[in-house]
Each structure stands twice: as C-alpha cells, then as structure tokens.
Amino acid sequence: MAFVPTGPAVSAGSLEALFGSAAQNSAAIKGAEAFRNAAKAGKFAVDPDQAKEALNYLRVAGVDVREALLSATELAREPKIGSSDFAHAARQAYLEGGRSAAEALVSTLKVLELYREGIDAAMKNYRRLDDDAAGRFRGSD
C-alpha cells in the first residue's frame, strides 16, 4: 500500500497550544510589566547577592530564546518543495508555524527583559534601604 499525503495535520488550534495564543502572550507581558512597575515604585526589594542567580537564569534564557527565534525565522520562510496541492499546504503550514513561534518568542524576550528590569529596580531599592539603615545607624553614635 502506498502512502499518499493529504496535507499538513497542524491546525491553528494546535499552534496556539504549542506557542500560546496572542491573549496568553499579552497576559504574560502584562504580568511582567506589573512586576517591573511594582519594583520601580519601591514596593519590594531584593538582595543583590540573591538576585544574581535569577539574573543569570534570565540571561541564559534570553540567549536560548534568541537562538530559537533564529530557527523560527528560518522556518517562517516559504520552502521550495514543489507545486502540488500538498506542497502548497505544507508551505502554508511552515509559514504559519514559523510566524506563530516567532511571535511567541518575541513576547518571551519582552517578558524576560521586563523581569530583568524589575529585578534591577528591586536591587536598587535594597541598596537604598541598606544605605538608609547604615546612615541611621551611623547617625545614632
């Protein structure tokens, strides 16, 4: 029996399951913005020694996401695979999948950057609190 391809089996719904919907990506960005804004408003502080590990994880994740974004961008190009109906459908699936992945990865980079900004602000808050406490202590001599 011969195998006859009928077209790609990836639906738009399954792409959302893989890469997240626009609404999910937007919600992730909003959450990261809230974190950053709270830190910039002085709502919390983070010990810089403790934050180093988190910042390193964010840096490594950013490198990985940028690498994946390069691959997704390559995938989003129309492959030259023939002119049959199947080839046309496959080209569309590649394009849609690559675009969807790239959009999700760009959103992820934005989230990582916002969290990094929030941690940076929280470390500044900690240093300011620490300096204020040290000044009060020196002033009590």
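The values are calculated or read from the model by the stated rules, or taken from the named source; none is laboratory data. Only a predicted model underlies this, so the values are computations on that prediction, with no experimental measurement involved. Cβ sites come from the backbone with ideal geometry, for glycine too, and all protein chains shown count toward neighbours. These area figures cover heavy atoms from the full protein model, side chains too; ligands, DNA and RNA do not enter into them. Shrake-Rupley method; radii C 1.70, N 1.55, O 1.52, S 1.80 Å.
If Ala89 passes every condition in (1) in a helix (DSSP H, G or I); (2) modelled with pLDDT of 90 or more but one, which one does it miss?
Of everything listed in (1) in a helix (DSSP H, G or I); (2) modelled with pLDDT of 90 or more, Ala89 misses just condition (2).
Being open to solvent by 50 Å² or more (accessible area, probe 1.4 Å), of a type in the set (Gly, Ala, Ser) and within 28 Å of Phe19 (Cβ to Cβ), is that true of even one residue in the range 37-46?
Checking the range 37-46: not a single residue is open to solvent by 50 Å² or more (accessible area, probe 1.4 Å), of a type in the set (Gly, Ala, Ser) and within 28 Å of Phe19 (Cβ to Cβ).
Evaluate the following for Leu112: is it in a helix (DSSP H, G or I), touching a residue at least 24 places away in the same chain (Cβ under 8 Å) and farther than 30 Å from Arg66 by Cα?
no
Which of the following residues is touching a Leu at 6+ places or on another chain (Cβ under 6 Å), on the phi < 0 side of the Ramachandran plot and outside any loop (DSSP other than H, G, I, E, B): Ala32, Ala27?
Among Ala32, Ala27, only Ala32 is touching a Leu at 6+ places or on another chain (Cβ under 6 Å), on the phi < 0 side of the Ramachandran plot and outside any loop (DSSP other than H, G, I, E, B).
Taking the range 120-141 only, how many residues are part of a helix (DSSP H, G or I) and among the polar types (S, T, N, Q)?
Summing the residues that are part of a helix (DSSP H, G or I) and among the polar types (S, T, N, Q) in the range 120-141 gives 1.
Would you call Ala76 hydrophobic (A, V, I, L, M, F, W, C), modelled with pLDDT under 85 and out of contact with any strand residue (DSSP E or B) (no Cβ under 8 Å at 6 or more places or on another chain)?
When the stated conditions are applied, Ala76 passes them.
What number goes with the only condition from (1) open to solvent by less than 60 Å² (accessible area, probe 1.4 Å); (2) small (Gly, Ala, Ser); (3) part of a helix (DSSP H, G or I) that Ser71 does not pass?
Of the numbered conditions (1) open to solvent by less than 60 Å² (accessible area, probe 1.4 Å); (2) small (Gly, Ala, Ser); (3) part of a helix (DSSP H, G or I), the odd one out for Ser71 is (1).
Could you tell me which of the residues Glu113, Glu53 is surrounded by fewer than 18 Cβ atoms within 10 Å (Cβ to Cβ) and under 16 Å from the mean Cα position of the chain (by Cα)?
Glu113
Confirm whether Glu117 is over 20 Å from Ala23 (Cα atoms), outside any helix (DSSP H, G or I) and touching a helix residue (DSSP H, G or I) at 6+ places or on another chain (Cβ under 6 Å).
The answer is no for Glu117.
Among (1) modelled with pLDDT of 90 or more; (2) in a helix (DSSP H, G or I); (3) open to solvent by 40 Å² or more (accessible area, probe 1.4 Å), there is one condition Ser14 misses while meeting the rest; what is its number?
Here Ser14 clears every test but (1).
When the range 37-83 is examined, which residues are found to be at positive phi and free of Cβ contacts under 8 Å to residues at least 24 places away in the same chain?
Gly82
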